[in-house]
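First comes the structure, then the notes that go with it.
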Ligand SMILES: Nc1ncnc2c1ncn2[C@@H]1O[C@H](COP(=O)(O)OP(=O)(O)OP(=O)(O)O)[C@@H](O)[C@H]1O
Ligand SMILES: [Mg+2]
């Protein structure tokens, strides 16, 4: 049978899964990724309450040169900004019910700003419809009191390249 352009390309990386045994391992995983993030990267974090999204973000920001104590969940402020090797936008959409509300709050402006920095979004399922080539989805699952499954899925080719680098190092 002839191959079509719709065939799955094996050079586009699919999901990569890690299991961490405590908060420091989750922070270390985030830090490793943060050290390698290029401008324009967007991390879309998805997972239930207490599954480790903020913990991972603290590590990620530390890998970007942001002091960890500055990094807190912006549940009430909706967005925090930090200054590291790159500017970092940290959004938390927990209180935002849907894409329309996120757009009303200026979500597209943040996506635009993120092109020259890094954006991390907690409760990102609300805005996955805006995803572009640079978006890396990260799913958090609680396995036990201290174990978390953290699964990375690139949503485009550039995110796929980034993920390949993370898993090589
Ligand atoms: N392996 C682990 N990785 C991350 N956090 C862990 C782990 N094991 C236990 N924990 C605990 O789980 C909690 C994770 O909290 P965190 O604020 O990071 O979650 P969250 O997903 O951001 O929650 P929320 O949806 O409320 O923002 C912390 O209390 C942390 O100590
Ligand atoms: Mg959080």
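As an exercise, use a Förster radius of 22 Å and the Cβ-Cβ distance of residue 167 and residue 141 to find the FRET efficiency, rounded to the nearest 0.05.
On the way: r = 19 Å, r/R0 = 0.85.
According to the calculation, E is roughly 0.70.
Under Stokes-Einstein, with the Kirkwood radius over Cα pairs standing in for Rh, what whole-number D in µm²/s applies to the stretch 82-140 at 4 °C and 1.567 mPa s? Don't jump to the answer; show the numbers that get you there.
Working: Rh = 11.9 Å.
After rounding, the answer is 108 µm²/s.
Note the full-extension length gain between residue 133 and residue 76 as 0.36 nm times their separation in residues minus their Cα-Cα distance, in nm to one decimal. If you can, show how the numbers build up before the last one.
Numbers: separation 57, 0.36 × 57 = 20.52 nm, distance 2.90 nm.
Full extension from residue 133 to residue 76 adds 17.6 nm.
Would you mind listing how long the stretch 43-128 runs along its three principal axes, going by Cα atoms, in whole Å with the largest first?
33, 29, 20
I'd like the per residue volume of the convex hull spanned by the Cα atoms of the chain, given in cubic angstrom.
So the per-residue hull volume is 128 Å³.
Tell me what the chain gives for mean residue ellipticity at 222 nm when only DSSP H runs of n ≥ 4 count, each as -39,500 (n - 2.57), the sum divided by the residue total, rounded to 500 deg cm²/dmol.
Values: 5 runs with 48 residues, N = 169.
The helix contribution divided over the chain gives -8000 deg cm²/dmol.
Figure the gain on full extension for residue 49 and residue 28 (residue separation times 0.36 nm, minus the Cα-Cα span) and round it to one decimal in nm.
Details: separation 21, 0.36 × 21 = 7.56 nm, distance 2.04 nm.
So the chain would gain 5.5 nm between residue 49 and residue 28.
With a ≥ b ≥ c taken as the square roots of the eigenvalues of the C-alpha gyration tensor of the stretch 107-167, please select rounded if a/c is under 1.5 and otherwise prolate if a/b is larger than b/c or oblate if it is not? Working shown, then result.
On the way: a/c = 2.32, a/b = 1.45, b/c = 1.60.
The shape class here is oblate.
Expected output is a single nm value to one decimal: the length gained when fully extending between residue 68 and residue 17, i.e. 0.36 nm times separation in residues minus the C-alpha distance. What is it? Can you show the working numbers first?
On the way: separation 51, 0.36 × 51 = 18.36 nm, distance 2.45 nm.
Full-extension gain reported as 15.9 nm.
Bear in mind that the values in this text are calculations on the coordinates, not laboratory data. Owing to the predicted nature of the structure, the values given are computational and were not obtained by experimental measurement. For neighbour counting, all protein chains shown are included, and Cβ atoms are generated from backbone atoms with ideal geometry for every residue, glycine included.
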